Amino acid sequence: WHSSSALAADPSRQDVAAMRERVLCELAQAALERGRQNEADGKFGAALIEFRSARDLDKALPGIDEAIAAAEREVEAGRLAEEARMRMRRQEFDAARTLLDQAFAQSTLLRGGISELMVENRRLQARSRYTGARDLEYQGLKQEALAAFVALSAEWPDGLEDEKARIDALQTDITGARREWELATAAEQEGRLAEAIEHYEASARFYERL
């Protein structure tokens with residue numbers, strides 16, 4: 001009893017314990033500051049490591065739990081955004097948009113970059129639809145191509161590519177083809193077969209034109 005009492009009262013031991021506590025607090029604070037700097041630099045994985053290290057050193061460090069939770073959200077948002085980029089490269093645009101929505105909801109600090117990815121995803125999807133409409137046009141499916149370009153133009157009123165010019169050209173061709181077909185039908189009914197053939201051929205040429 002006397003021995004333990006003496007040790008407990010030994011000022012040098014108390015000093016050592018207090019010094020150890022101060023050192024741990026200082027190390028924790030330094031880790032927290034490194035984490036904050038990494039966070040400011042957009043290095044959220046590195047920030048998370050530092051924040052967790054700071055908590056291991058000093059669990060009572062003010063704000064450390066909140067810092068860890070925020071960094072975890074940013075890391076997850078970055079992961080979701082990267083997966084969205086891969087989906088965009090595969091032209092899986094709807095899946096990419098879902099991932100970007102989730103990333104935006106998770107993040108606070110990455111929202112600017114995520115918003116830019118959302119715009120890029122929308123533009124890439126629209127260009128894919130433009131290419132599909134052009135393919136319909138090349139195949140002579142001008143009515144279907146016109147409908148595709150009109151839908152695209154409605155979503156991009158300021159213009160994406162040359163869809164407005166394509167709409168005008170297709171409308172001209174379709175109207176011309178329809179008019180020639182009507183003339184051909186009338187000529188055939190009246191027995192003017194040579195004229196009817198000319199109009200039928202003219203109608204077909206409208207659909208061959210690109």
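Taking the Cα centre of the chain as the origin and placing charges on Cβ (Lys, Arg +1; Asp, Glu -1), which of Gln14, Leu160, Ala46 is farthest toward the positive end of the dipole? The one lying farthest along the dipole's positive direction is Gln14. With the simple spin-label model, which puts each label point 7 Å out from Cα in the Cβ direction, the Asp41 to Arg122 separation comes to 3.4 nm. For the chain, the mean residue ellipticity at 222 nm estimated from helices alone is -29000 deg cm²/dmol, where every DSSP H run of n ≥ 4 contributes -39500 (n - 2.57) and the total is divided by all residues, rounded to the nearest 500.
Rounded to the nearest whole angstrom, the semi-axes of the ellipsoid equivalent to the stretch 63-174, taken from the Cα gyration tensor as √(5λ), stand at 40, 12, 8, largest first. Counted by Cβ distance under 10 Å from Gln37, the other residues give a net charge of -1, where Lys and Arg count +1 and Asp and Glu count -1. In the chain, taking the dipole from charged Cβ atoms about the Cα centre, the farthest positive-side position among Gly112, Ala148, Ala126 is held by Gly112. Only one item in (1) 77, 11, 9; (2) 50, 17, 11; (3) 40, 21, 14 matches semi-axes √(5λ) of the Cα gyration tensor in Å derived from the coordinates shown, and that item is (1).
Specify the residue with the greatest mean-square fluctuation among Leu117, Leu80, Leu160, computed from a Gaussian network of the chain linking alpha-carbon atoms under 10 Å apart. Maximum among the listed residues: Leu160.
The slack between Cys25 and Ala186, meaning 0.36 nm per residue of separation minus the straight C-alpha distance, is 48.4 nm.
Within the chain, the longest segment free of exposed loop sites, counting trypsin sites (Lys or Arg not before Pro) that fall outside DSSP classes H, G, I, E and B and have at most 11 other Cβ atoms within 10 Å, spans 91-210. Treating r as the C-beta distance of Ala69 and Asp162 and R0 as 45 Å, the FRET efficiency rounds to 0.40.
Compute the signed sum of charges (Lys and Arg +1, Asp and Glu -1) over the other residues within less than 15 Å, Cβ to Cβ, of Val23. Result for the neighbourhood of Val23: -3. Dipole check for the chain: with +1 at the C-beta of Lys and Arg, -1 at the C-beta of Asp and Glu, and the Cα centre as origin, the magnitude is about 640 Debye.
The residues of the chain present an accessible area of 62 Å² per residue when probed at 1.4 Å with all protein chains retained. Where the centroid of each part is defined by its Cα atoms, how far is the stretch 39-97 from the stretch 114-189 in Å? Between the Cα centres of the stretch 39-97 and the stretch 114-189 lies a distance of 43 Å.
The values are calculated or read from the model by the stated rules, or taken from the named source; none is laboratory data. Computed from a predicted model, the values in this text were never measured in an experiment. Because the Cβ atoms are built from the backbone with ideal geometry, glycine has one as well, and the counts that use them run over all protein chains shown. Surface areas here come from the heavy atoms of the whole protein model, side chains and all, with no ligands, DNA or RNA. Shrake-Rupley method; radii C 1.70, N 1.55, O 1.52, S 1.80 Å.
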